[in-house]
Every structure is written in C-alpha cells, then in structure tokens.
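Heads up, the thing below is written out as structure tokens.
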C-alpha cells in the first residue's frame, strides 16, 4: 500500500505496462538461441555450401527500421531498431540471439537457413530511391533467392516451410494504409500463408509487368522479414597517406564482439582553437551526424564511449591528435579503402593478392630485413622459466639424431657379411659390381629439417590477457622453444615482423640459420618490443622465400600471432584474410609445411580460413603458451 505513495514508481510501472513489450516481433527469451553457440557450426555450413572462405560471421548491430508503428510503439519506441541479417563482400551479419519462435530448434533452424541463404544470395545493392519500388525489388530478390536455395538444397524444403509458417504467424496484424497492406499481403503470400493480392503490385514484384508504381505520400517501408537477409556492396573510400600514431599504454581494452558499421571522413574541426560556438545547444541534441569540434576528450569515460558506439548505426572514423581517455576493442565494417596501385622500388618487394580482381598486385609491399638489436626492453627469464627451459631441453634431446648402422658401405669399422656373401656370389656369376661396398659403418642421421619461427610483435602484443602481458609470454615461449630446437639439433632461424603500411614491413632476424643458441640470441629475444601492425602476408612470403633456399628436404614455417592480419591502409578485413591465405598457399606450393599458432580465443572465426584444416592451433589461455608451443612443434615436426 505504501508503494502507491511513491508517485514516480507508480507512474513508472503504469507507463511500462502501457508501452513496454511493444516490439513488432515476439520475444521468447526462454527459447533464445545465441550466435555465440552457433557461430562455428554456421561457418562450416556456410563454406560447405559454397560460401567464400574469407567471409566472416559477425553479430549484427541494431539498425533503425522505417516500417509503420502502432500508436503504443510510437509512444514507447519512437523508432524501432532491429538486428537485421545482412552481408557484404567481407562479412555476414546475424542477430546476436534469435528468440522469435517459442521453440529452440526453430530458432536454431533460422540461423542455419540464413547461413545457407547468404551462401547463395547475390551481393548487389538495391539502389532504388522510391521506398515502394525498393520494397518490391527486395521481395523479388527474396523470392528468387529462396527458390534457388531450395532447388539447390532440397533437404531444406521442410525446414523452410516450418520457418515460413512460423514467421507469418509471428508478424503483427495491424491496420495499414491500402498500399502498405497490399505489400504485407505479398509478404504473406511469399511465406505461403496468404493469397497473392489482385492489384498491380504482385505482377510488378515478380517482374511480369514493368515496375512503374510510385510510393504515395506518407508511405512507410515494410516490416523486415527475418527469413530474408539484405545484401549490399560498399564504395571504396579514398586512401589516406598520413601517419597514424598508436596510443601508448598496455592496459587491457574492453571488447565488443559485434561488428559496427563505420565510414572514414576527414574532420578538421578538432584542431580549431577559436572560441566560437558552432551550433545552438538545443540543436546539438537533435544532431545525428558526427561533428569533430574542439572539445576535451581525455576526461571521457570509457563506458560513455561504449554506449555511444551501441547507439550509433554508423561510426565515423577520423584522425585526431592526443591520447584518448580509454580504449575498447571491436570490429568495424568499413568500406574498403582504395588501393595504392603504384609499384614500389626496393631491394625486397613482394606482391599482394587482391581478391576483388582475382589477381596479384606486383611489387606492392616493401620488406625491410635486418638483424634484431640486443638492446630494447629489459626482460630476463626468472628461475622458474630457467627450470622449464632445462625440462624442455631434456625432452628435446631425445629427438636428437642418433647413430644408425649403415650396411653395404664403401668403408667402415667392420665387414658386412651379408654384403660380402652377395658380392662373392655375384663375382662367381661373372659380375664385379658391389665388390667395394662390403663394410658396416655407424653414422649420425640428421632430421633433414629446416624450421623458421615467424613471430608477431605488433602493437597488440603490448596488451594484457588473463593477467599477463602478451609479448612477455611470447618471449617465454620463444626462448623455451629455441632452446629445445638447439637441444635436438634442428636447423632453424627466428624472425619477428611488424608493419606500418605496405611500404614499411619490417622483419628482424633474432637467430639466423646456422647460428648457435647463445647469450646473444637470449638478449635479442629479451629486447623484443611492440611494433605497429600485422601484415602477415608479406612476412610469410619473405620467410618462405628464405626457408626455401635451405638445403634440407623437409621445411616447416611456424607462425605465432595474437590476432587478425591488419594494417593502417587497405590491409584489413577480408582483403587481409584473403592475402594471408594466399601467402600460406604459396608457401605450401614451395613444399613448406605452414602451421599457425594464435593466442586469440576468438580466432575460430577466421584462423581456419588462414591456415586451413589441421594447419593451426588456438591456445585459449595465454599462460599455457610456453608449455604448449614446444608440444605443438614436436607434434607437427616429428
């Protein structure tokens, strides 16, 4: 009774009862299926049904839908935001969770259907500006794609029929203007639960009549159907040639697993030092676009930045000076940057693979190769690490080549009686061959193996994971494995790599082929420091070229990285994935076994595309890396 006296609480509860739960589609939270639990299976299914290997599956952010709302929705929502499935050339965007249907199996089936849908749907942007004609074109593409998918994969016919019936039942029934109601009848007709309307829109939608209709005044687009995804292409953004400075500090950044839409813009307003106000303050609250005015950012809260990213449908990226107040990690769906087509002139240049044209860009990357310095960070292994090194050395010493008894040799410490008897018989038969190869000899047998350890020292290795600095753990693992390789006698070298645009890909030699394990190598490992970005393709090509020149019959390239390939220019997203994948394929054609190791717990979404099945290992807990890396090497190499 006393609660009634709390006026704010009473009004709030009444308001929530009136406008709460006004989403267009029902939400059955107890039957929700999340993208996290389906992602790996969907990736396998997408590629098995013909989807491109470099396309990644990401969570879709909520976007404003322009469909007509009921009066309660207009009061409570203003504009409804929906997680709409879609794809472009680099990614598939699926809802973070699906709870439309009161059945877990049906919600999971919707995820599978969307993966199949995007494996077959054409990636084309519908550029029609008239909202009615655009709706009809969207429905035409949906109908054609559904027919094609069901013809290609008839085993999905029953699943699609159940999903279509359940989706039609879940769509809201509300009074609509005549044209919008006719469009809704087309949607229900395509879902198989209604008759095709008798008006002009149905023939225009299926293409039997010209698309001449126009949207009447006040027309609102149809409510998106969760069974049919959208597809689009994005225009190239202009290349920028400035130097991007990296934020200092090794603190951990908060992470968002969704992918946000973003654009690049040149915004110079932040550099202004004049006192003039650009907008009236009451107008600023209504602005949807980003204006990069001069204002303090070093006192902004990290939570505020995360909330702003969630609220924006499209994030604008621009360059700024100064150190940000906080950092958080999330994927951006940026329009691909225009490629610099000019060929570079240098001592070491390598091509890069452009998946969009299906061709190489010749002399596109310049590699700067040098010896790693002994001075840098002051890191030395502690006594616990020294004990671990001794343990690994003892295990690897078992793999050292042993002396093997060789028969029928030209010289040796004893006679080979079997060879002597054969030679005597051959002589009696009139043949003199083999008379000089009648000895036994004990000779050491090498593994005939050359190994390159290629280690990522990009800026991301300066971050912390599970309470440990990534680069420090990499140093431990590298030092342990280097001592192990020295103990077993395998011919090896150690390279590190980082990049800063295509004209600056630096590879440093920590240990060269034939160089003994020494205090100098230990100091070089301890002096490693974070670099810039991760252009894996050029690094793999350079390491493979050097490894291919070694005389050993078997060759292994072991790549250790902590994240996705990326650089500050066009080298990001699918372009970087496809180029890295191509460089690995090139190395394997040279007869080199390539194996990737990553400490990125979320690498399952892209690492298989880089190194292929059975060509990678994911070490989820970074602290396990020093113990896991030698074990991985023994399994792969021996």
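Every number in this text was worked out from the coordinates using simple rules, so none of it is lab data. None of the values given here were measured: they were computed from a predicted structure. Methodologically, a virtual Cβ is constructed for each residue, glycine included, from the backbone with ideal geometry; neighbour enumeration extends over all protein chains shown.
Take peptides 96-102, 345-351, 477-483 and line them up by average Cβ neighbours within 10 Å, highest first, as a rough protection proxy.
477-483, 96-102, 345-351
With N set to the residue count of the range 553-611, report its C-alpha Rg divided by 2.2 N^0.38 Å to two decimal places.
That works out to 1.15 for the range 553-611.
Could you work out the Rg to Rh ratio of the range 145-206, with Rh taken as the Kirkwood radius (inverse of the mean 1/r over all Cα pairs)? Let's see the in-between values first.
Values: Rg = 13.1 Å, Rh = 12.8 Å.
Ratio value, two decimals: 1.02.
By the gyration tensor of its Cα atoms, with a ≥ b ≥ c the square roots of the eigenvalues, what is the shape of the range 480-638: rounded for a/c under 1.5, prolate for a/b over b/c, or oblate?
Values: a/c = 1.35, a/b = 1.31, b/c = 1.03.
Rounded, because the longest to shortest axis ratio a/c is under 1.5.
If you split all Cα-Cα distances of the range 403-444 into 5 Å bins from zero, what percentages do you get per bin, shortest first?
All Cα pairs considered, the percentages come to 6, 29, 28, 18, 11, 6, 2, 0.
Among 614-623, 355-364, how do they line up from the highest to the lowest mean number of other beta-carbon atoms within 10 Å?
On the way: 614-623: 16.8, 355-364: 14.0.
Descending packing order for the listed peptides: 614-623, 355-364.
I need to check one value: relative contact order of the range 403-444, counting alpha carbon pairs closer than 8 Å and at least 6 residues apart, in percent.
61
Per residue Cα convex hull volume for the range 473-536, in cubic angstrom?
Working: hull volume 5.9 nm³, N = 64.
Here the figure is 92 Å³ per residue.
What are the extents of the Cα atoms of the range 23-231 along their three principal axes, listed from largest to smallest and rounded to whole Å?
Its Cα atoms span 45, 40, 30 Å along the three principal axes.
Over all directions, average the projected area of the Cα convex hull of the range 373-428 and note it in nm².
So the mean shadow area of the Cα hull is 8.2 nm².
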